[in-house]
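Written out below as structure tokens is the structure these notes cover.
The values are calculated or read from the model by the stated rules, or taken from the named source; none is laboratory data. Keep in mind that what you see is a predicted model, and the values were worked out from it rather than measured. Positions of Cβ are backbone-derived with ideal geometry, glycine not excepted, and every protein chain shown enters the neighbour counts.
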Amino acid sequence: MDTGLIRIDESSAPEDLREELQGLFAEQQIKALTALVRKQTPTEVIKKRPIRGGGETDYVPGWWFIEQANSLFGHMWSFEIVDHGIGEKQVWVKGKVTVRIPGRKREVVRKDGTREIVETEGTMIEKYQFGGQDIAKNKSGETIDIGDTLKAAATDCMKKCLTQIGIAADVYGNREELELRIATAVKETETGRNVEALLATGKELEWDREDVEDWVREAFEKSLEEFEGDELFPVIRALKKEVEHAHQET
């Protein structure tokens, strides 16, 4: 019976060892397929790490992604770094995961008892993604090891490619949602603080909120509500110049 699973070739091994290897691989593959289809990453491989903006998020180590890919695709997959770059604070890597699924031949028994060999063509799946990693530096500000930083970025990239196939999609889908919520909360907090700073600057001109909003609308041709986060920095600077000009006139 053709189970549809990828098989490994251990033709050079003794028959009893070959059967044991095939059985072990089939067991690992079924386990990996179950996690993939059910979108249930084993809890024992899910770890915690801090994220920008505060809080923690779940992550899965790179070794588990490799183990799953090996179990699912019988080592018939590869990861290739297509491009990379090194900035002042972070390195980035663009990579590609390629999965090769070989063609198959299987015997089909029809209702009338006739048999037919059906052959399916092989296929290839490619997934591209980017990965990044902050550059580690010592207390003197010197880069510790750019090679290790690039390797970490490559692992991040490989994991992101494999999530597009479905590996650990339950973990990383939730993580993206959490990071988005945190980023939104941080941005809203920054916006609120900057609005308060703007209104405090306006008070030096004896303006209330309505006066400040009218000035913003006239000076920038958009309402105060349309500004978010650090977009308000130039608005605050411009209003401070108005204050300085008013003080010079007096």
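One table, with the values for the structure above:
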| quantity | calculated |
| --- | --- |
| Some residue of the stretch 176-196 being surrounded by 14 or more Cβ atoms within 10 Å (Cβ to Cβ) and either among the small types (Gly, Ala, Ser) or modelled with pLDDT of 90 or more (or both) | no |
| Flag if LYS47 is touching a Cys at 6+ places or on another chain (Cβ under 9 Å) and under 22 Å from TYR172 (Cα atoms) | no |
| Residue among GLU206, GLU210 that alone is loosely packed, with under 10 Cβ neighbours inside 10 Å and either outside any helix (DSSP H, G or I) or touching a His at 6+ places or on another chain (Cβ under 7 Å) (or both) | GLU206 |
| Listing of strands (runs of 3 or more DSSP E) fully contained in the stretch 25-91 that carry 2 or more residues being modelled with pLDDT of 90 or more, outside the structural domain of GLU142 (by TED's automatic domain parsing) and under 19 Å from the mean Cα position of the chain (by Cα) | none |
| Neighbours by Cβ (under 8 Å, 6+ apart or cross-chain): first from the stretch 204-233, on the phi > 0 side of the Ramachandran plot; second surrounded by 17 or more Cβ atoms within 10 Å (Cβ to Cβ) | GLY229/THR191; GLY229/ASN194 |
| Which numbered condition LYS222 misses (of (1) touching a helix residue (DSSP H, G or I) at 6+ places or on another chain (Cβ under 9 Å); (2) modelled with pLDDT of 85 or more; (3) surrounded by 13 or more Cβ atoms within 10 Å (Cβ to Cβ)) | (3) |
